[in-house]
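Notes for the one structure printed next.
Every number here is computed from the coordinates shown, using simple stated rules; none is lab data. The model shown is predicted, which means the values in this text are computed figures rather than measured ones. Glycine also receives a Cβ, built like all others from the backbone with ideal geometry; neighbour counts cover every protein chain displayed.
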Amino acid sequence: MRLTWLRAPKRPAGRAGAALLTVATLAGILTAAAGIGYTASRPLLGDGSAFLGKGHTVAHVNGETGKSDAEVAMQLATGKETLQPVRMPDGRLAIVNKDTGTVSYLDAATLAPDAPAEQRPTSKGRIEPVPTESDGYLVDQERDTVEKITKPGQSPPRRSAFRTASRRSCPAPTRSG
């Protein structure tokens, strides 16, 4: 007694099955590649807004309308002094007055001060607030220091001093030192 229903398909059905399998495999690979490529190249977009210096204060500019929708209610500069606001990852703003060396910290949601301003008159024009993904740092080229910006109430960490031959470059830390 022969089992005919277990018999392998004839040649034309085998070709169609192989072609169908090939097309399905290629479609799966294409879909996976497109998904991986999209994920890797997709830009991380925010709301398109920014904090910008506006005269003697800082304003929040809406990215969709291009208009200012909030403004700091205190004077952070006088005359032609330059302000550099930087949004920190913890939801605060670090605002550096480039001409006086004053560093102010504001809550980005309320635009109210959340820590006393730091006076650094010897560092005017040589201070850069630098946000990273998790923390914020204050690079003071005059003092040759990199300081972690802490939240109010936290004790500041130890300062890191980098001595360089040229004050225009910041050395990269190495494993040996």
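Below is a table of values for the structure above.
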| item | result |
| --- | --- |
| Proximal charge balance of residue 61 [Cβ under 9 Å; K/R count +1, D/E count -1] | +1 |
| Dimensions in Å of region 50-161 - Rg and Dmax from alpha carbons | 13.7, 43 |
| Sequence-distant aspartates and glutamates (8 or more away, or on other chains) whose Cα lies within less than 17 Å of residue 54 | 69, 71, 81, 99 |
| In nm, spacing of pseudo-spin labels at residue 52 and residue 128 (7 Å Cα→C-beta vector) | 2.2 |
| Potential extension, residue 107-residue 142 segment - 0.36 nm per residue separation minus Cα distance | 9.9 nm |
